[in-house]
Amino acid sequence: MGRKKRKRGRIRDRTVIIGLAALALLIGMLYFRNTRQTADVSKPAPIQAAAPIESKKQTQGARTNKKDPLLTLVNGKNPLPKGWKADLVPLEGEHSIDRRAYPGLKKMLEDARAAGLDPLICSSYRTNELQTRLFNEQVKAYQNRGYEKEAAEREAAVWVAVPGTSEHQTGLAADIVSVSNQNLNHSQENTAVQKWLMKNCWKYGFILRYPSDKNSITGIGYEPWHYRYVGKQAAKEIYEQSVCLEEYLRQ
Ligand SMILES: [Zn+2]
């Protein structure tokens, strides 16, 4: 046993020595790199090396303008901008959507139907009055389940935005469900409609606005039915990077 312990002790010593050596090597390399970088600054940059960096910057700037009104962030901390006026196009039923989002939405629904699916818009533009009514109904539902008013309001806000902070008030959002399943719950994600929309919506300029893993950032629970128009370029980038709108705008 004693010999074994000594042996283990020696192995541990050797590991420590190797670790220290590796650390020293790393520090040395970093030092060397830093000195080289410092030295390079004084030298004029080779033209060929500088050019691609410059052109990359220009492309990035041209790709998305994060101040585009289509990227307006509306959430619990960012209320609808004062004086926001939605320019709307009427849809079936009582629904309407922002004029800029309309062509994309129309084409998305047409293509989904052509693929044999049954998408149905169940919510779109909301006035402040409508948002207030929906929010109050949700608060009442929680109160009926025994919640105190304050707690009921807190819980309700996870599912129905506090009036003035709903994306539906921008006119850029639509809730889309399957005709065969109109329940606004997790079961939506299993419908053929949602599977298709989640995979394809970015091609039409839409994003799934409240993904399952972003609740702590968006402040809204997982909603596999709420789509937001942001324009084709931004939608593509958001989809490819698997980020939510809040994260995308912070970049
Ligand atoms: Zn919604």
Using a 10 Å cut-off on Cβ atoms, rank the peptides 223-231, 121-129 from the highest mean neighbour count down. 223-231, 121-129
Cβ-Cβ FRET estimate between ASN200 and ARG133, R0 fixed at 25 Å, reported to 0.05: 0.15
Rough spin-label spacing in nm, given labels placed 7 Å along Cα→Cβ, for LYS106 and TRP159: 3.5
Using the Karplus equation 6.51 cos²θ - 1.76 cosθ + 1.60 (θ = phi - 60°), what ³J(HN,Hα) coupling, rounded to whole Hz, does each residue of segment 197-211 give in order, writing x for Gly and Pro? 5, 4, 7, 10, 4, 4, 5, 10, x, 10, 10, 6, 6, 10, x
Extending each Cα 7 Å along its Cβ direction at GLU247 and LYS149, get the distance between those two points in nm, one decimal. 3.9
What nm value, rounded to one decimal, do you get for the distance between LEU184 and LEU88 when each label is placed 7 Å out toward the C-beta? 1.6
With all protein chains present, segment 76-233 has a carbon and sulfur share of its accessible area (1.4 Å probe) in percent of 50
Past the 29 Å Cα-Cα mark, which pairs from LYS77/LYS106; LYS67/LYS203; LYS85/LYS107? LYS77/LYS106
Arranged from highest to lowest average of other beta-carbon atoms within 10 Å per residue, in what order do the peptides 66-73, 97-104, 164-171 appear? 164-171, 97-104, 66-73
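The values are calculated or read from the model by the stated rules, or taken from the named source; none is laboratory data. Keep in mind that what you see is a predicted model, and the values were worked out from it rather than measured. A quick note on method: Cβ atoms are made from the backbone with ideal geometry, for glycine too, and the neighbour counts reach across all protein chains shown. Side chains included, ligands, DNA and RNA excluded: accessible areas come from the protein's heavy atoms. Shrake-Rupley method; radii C 1.70, N 1.55, O 1.52, S 1.80 Å.
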